[in-house]
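Reviewing the structure listed below.
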Amino acid sequence: MIGYIDPVAFSLGGLEVKWYGIIIASAILIGYWIAQKSAQSVGFHED
C-alpha cells in the first residue's frame, strides 16, 4: 500500500509542476494528435 504520493512532480524555481497538470497537458496533446490523424483520414486539411 502506498502511504503518501507527493502531488508535486518537480519544481522550477518557485514554480511547482504537479502530476495532475502533467496528466491533463498530456491528454490534451494526445487528443489533438488523434483528432488530426482522424481528420486527415477522412479528408480534412489542416487549414
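Exposure proxy check: LEU15, LEU29 ranked by fewest other beta carbons within 10 Å? Intermediate values should be presented prior to the final figure.
Details: LEU15 7, LEU29 10.
Least to most surrounded, the residues fall as LEU15, LEU29.
Read phi for every residue in region 2-8 and hand back ³J(HN,Hα) as whole Hz from Karplus 6.51 cos²θ - 1.76 cosθ + 1.60, θ = phi - 60°, with x for Gly and Pro.
8, x, 8, 10, 5, x, 8
Would you mind computing, in nm to one decimal, how far apart the modelled labels at GLN40 and LEU12 are, each placed 7 Å from Cα along Cα→Cβ?
For GLN40 paired with LEU12, the spin-label model returns 2.8 nm.
After finding the eigenvalues of the alpha carbon gyration tensor for the chain, what semi-axes result from the square roots of 5 times each, listed largest first in whole Å? Don't skip to the answer; put the middle values down first.
On the way: eigenvalues 245, 40, 4 Å².
Those come to 35, 14, 4 Å.
Sequence-distant or interchain residues sharing an amide H contact under 5 Å with ALA9, placed H: which?
Under 5 Å from the amide H of ALA9 lie the amide H atoms of VAL17, LYS18, TRP19, each far enough along the sequence or on another chain.
Here, each number is a calculation from the coordinates, and none is a lab measurement. Computed from a predicted model, the values in this text were never measured in an experiment. Reconstructed Cβ throughout: ideal geometry from the backbone, glycine too, with neighbour counts over all protein chains shown.
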